[in-house]
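Presented below is the structure to which this report refers.
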Amino acid sequence: MRTAIFPGSFDPITNGHLDIIRRASLLFDRLLVAVLVHPSKPGCLPFADRADMIRRVTADLPNVTVEQFTGLLADYATSQGARVIIRGLRSAADFAYEAPMAWLNGGLGKGLETLFMLTSPQYAFISSSGVREIAALGGDISRLAPQALENQIYAACNRTE
């Protein structure tokens, strides 16, 4: 079985992420969307909520599974039997950031490859941080994030602590 991993913080998942997930799911027998648990970066949405949100919007994709993970991505990929890491690129700046990580992961995980997928043009301007900021200020995120998740994103990004 050909397994690939699409890792990220997904805080929150955006339409750009969903675009990559849908397209990558056509290329592999199993696509594991891996939500990175980074305790020093709690973000806007709790980690469990991020995973649940992704499960909701990918429920129609039978070969997509969602899990949370900690530690080194290369170790996690190996433990899951994955040989491919999927990374979405919006711009040359994303490539400049992602390429060194791909080389590191390739060195840490024997035979681990990174597949870069260009985000579809209509999503190239979307970032999770932008969605969080717009939601926190009450702006319209209907074109930026999955519609089924909008209320949950607004609620999470407008919490007062």
**Whichever residue in the range 6-44 is modelled with pLDDT of 95 or more and of a type in the set (Ser, Thr, Tyr) and, among such residues, is surrounded by the most Cβ atoms within 10 Å (Cβ to Cβ)** = THR14
**Asked** Is one or more of the residues making up the range 11-22 over 16 Å from ALA145 (Cα atoms), out of contact with any Gly (no Cβ under 7 Å at 6 or more places or on another chain), of a type in the set (Val, Ile, Thr) and outside any helix (DSSP H, G or I)?
**Response** no
**Item:** Search result, residues across the range 101-133 that are outside any loop (DSSP other than H, G, I, E, B), aliphatic (A, V, I, L, M) and closer than 17 Å to ASP19 by Cα
**Value:** LEU115, MET117, LEU118, VAL131
**Request:** Hey, can you tell me all the residues within the range 52-75 that are within 15 Å of the chain's Cα centre (by Cα) and in contact (Cβ under 8 Å) with a residue 40 or more places away in the chain?
**Result:** MET53, ILE54, ARG56, VAL57, THR58, VAL64, PHE69, LEU73
**Prompt:** Within the range 84-110, can you find the residues that are under 18 Å from the mean Cα position of the chain (by Cα), farther than 25 Å from ASP49 by Cα and buried (at least 18 other Cβ atoms within 10 Å of the Cβ)?
**Reply:** VAL84, ASN105
**Prompt:** Do any residues in the range 3-15 that are in contact (Cβ under 8 Å) with a residue 40 or more places away in the chain have Cβ atoms under 8 Å from those of residues that are acidic (Asp, Glu), where the two are at least six apart or on different chains, and which pairs are they?
**Reply:** THR3/ASP29
**Request:** For the range 59-100, enumerate the residues that are within 25 Å of PRO46 (Cβ to Cβ), part of a helix (DSSP H, G or I) and of a type outside the set (Gly, Ala, Ser).
**Result:** LEU73, ASP75, TYR76
**Prompt:** Out of curiosity, is ALA155 over 14 Å from HIS17 (Cα atoms), among the aliphatic types (A, V, I, L, M) and part of a helix (DSSP H, G or I)?
**Reply:** yes
**Message:** So in the range 111-146, with the set limited to residues that are farther than 26 Å from ALA156 by Cβ and touching a residue at least 24 places away in the same chain (Cβ under 8 Å), which one is surrounded by the fewest Cβ atoms within 10 Å (Cβ to Cβ)?
**Reply:** GLY111
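The values are calculated or read from the model by the stated rules, or taken from the named source; none is laboratory data. In this text, all values refer to a predicted model and were calculated from it rather than measured experimentally. Quick reminder, even Gly has a Cβ in these numbers, built from the backbone with ideal geometry, and neighbours come from all protein chains shown.
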